[in-house]
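One structure below.
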Amino acid sequence: MGPEPRITYFEIEPREELFVSLLKELFSSHWNEIIFGPSLAGASFEIKIDRKPQVTHQNGTLTVRWTQGAHFHLSVGVPEEKGRVSRGAFFEMEGSCVPKSWGLRFWNGAGEELLSIYFPNPYLGVRGKADSPDWSKLKLWEEFRSRYAAPAHS
């Protein structure tokens with residue numbers, strides 16, 4: 001077993017309307033560019049959908065539905081409650097299956113990861129690892145991070 005990956009986080013202000021705006025835009029306009037799912041101890045789900053999902057928000061719950069049966073709910077309201085999103089952050093991760101990954105994570109009030117979203121990766125091509133990195137693939141992650149992450153404090 002290798003060393004733990006090094007992760008740098010860029011925090012998002014924990015506000016329901018900010019989480020909803022970010023997730024609605026990402027899943028409505030960029031659904032075909034991302035991979036998402038929960039990462040649990042011993043299991044990581046990497047879902048890539050093949051059609052534009054329906055994204056709704058009602059009573060503090062965001063729902064993303066891409067087929068009649070396939071969907072997920074994410075509780076984004078009332079962050080003080082244990083089961084709801086209380087933290088969101090963009091990340092850069094070094095030392096995983098590729099030299100580096102870029103994404104977005106959400107955690108509940110107990111510090112448990114709820115959802116990871118992976119953005120296009122310069123090290124990955126259509127059929128797996130690319131011969132050389134395509135740095136233009138970072139545009140989406142950089143755009144979202146610059147708009148939604150809280151400014152760094154010095």
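Choose one answer from Pro53, Pro122, Pro133: the residue with the largest mean-square fluctuation in a GNM of the chain with alpha-carbon springs under 10 Å.
Of Pro53, Pro122, Pro133, the Gaussian network model singles out Pro133 as fluctuating most.
Please arrange Ile117, Ile7 by accessible surface area, largest first, computed with a 1.4 Å probe and ligands excluded.
So, going from the largest accessible area down, we get Ile7, Ile117.
Could you work out the longest stretch of the chain that avoids the GluC sites (Glu not before Pro) located in DSSP loops with at most 15 other Cβ atoms within 10 Å?
Looking at the chain, 113-154 is the longest stretch - no exposed GluC sites (Glu not before Pro) with at most 15 other Cβ atoms within 10 Å.
Give the shape of segment 42-95 as rounded, prolate or oblate, defined through the alpha-carbon gyration tensor: a ≥ b ≥ c are the square roots of its eigenvalues, a/c under 1.5 means rounded, and otherwise the shape is prolate if a/b is larger than b/c and oblate if not. Write down the numbers at each step before the final one.
On the way: a/c = 2.02, a/b = 1.03, b/c = 1.96.
Note, shape of segment 42-95 comes out oblate.
Select from Gly125, Gly88, Gly109 the residue whose mean-square fluctuation is largest in a Gaussian network model of the chain (Cα-Cα springs shorter than 10 Å).
Maximum fluctuation in the GNM of the chain, among the listed residues, is at Gly125.
Could you state the orientation-averaged shadow area of the convex hull built on the Cα atoms of segment 5-44, in nm² to one decimal?
Mean shadow area of the hull around the Cα atoms is 4.2 nm².
Using the alpha carbons of the chain, what is the convex hull volume per residue in cubic angstrom, as a whole number?
Cα-based convex hull of the chain, divided per residue, equals 141 Å³.
Using the beta-carbon distance between Ser44 and Thr67 and R0 = 25 Å, what value does 1/(1 + (r/R0)^6) give for FRET efficiency, to the nearest 0.05?
My answer for the efficiency is 0.70.
Per residue of the chain, what 222 nm ellipticity follows from adding -39500 (n - 2.57) for every DSSP H run with n ≥ 4, rounded to the nearest 500? Walk me through the intermediate numbers first.
Numbers: 2 runs with 24 residues, N = 154.
Computed ellipticity for the chain at 222 nm equals -5000 deg cm²/dmol.
When the convex hull of the C-alpha atoms of segment 64-115 is computed, what volume per residue in Å³ does it have?
107
Normalised by the number of residues in the chain, what is the relative contact order in percent for Cα pairs under 8 Å and 6+ residues apart?
The normalised contact order for the chain reaches 24 percent.
Quickly work out the Leu18-to-His30 label distance, labels modelled 7 Å from Cα along the C-beta direction, and quote it in nm with one decimal.
Result: 1.7 nm between the two label points.
Which whole-number value in Å² is the accessible area per residue of segment 38-134, probe 1.4 Å?
With the other protein chains kept in place, segment 38-134 gives 55 Å² per residue.
Give the total of Lys-Lys pairs in the chain with Cα-Cα distances below 29 Å; include a pair only if its members are 8 or more places apart or on different chains.
20
In what order, largest first, do Ser44, Ser75 sit by accessible area if the probe radius is 1.4 Å?
Ranked list, largest accessible area first: Ser44, Ser75.
The values are calculated or read from the model by the stated rules, or taken from the named source; none is laboratory data. As the structure is a computational prediction, the values presented were derived from the model and not from experiment. Cβ atoms come from the backbone with ideal geometry, glycine included; neighbour counts cover every protein chain shown. Calculation scope for accessible area: heavy atoms of the full protein, side chains included, ligands and nucleic acids excluded. Shrake-Rupley method; radii C 1.70, N 1.55, O 1.52, S 1.80 Å.
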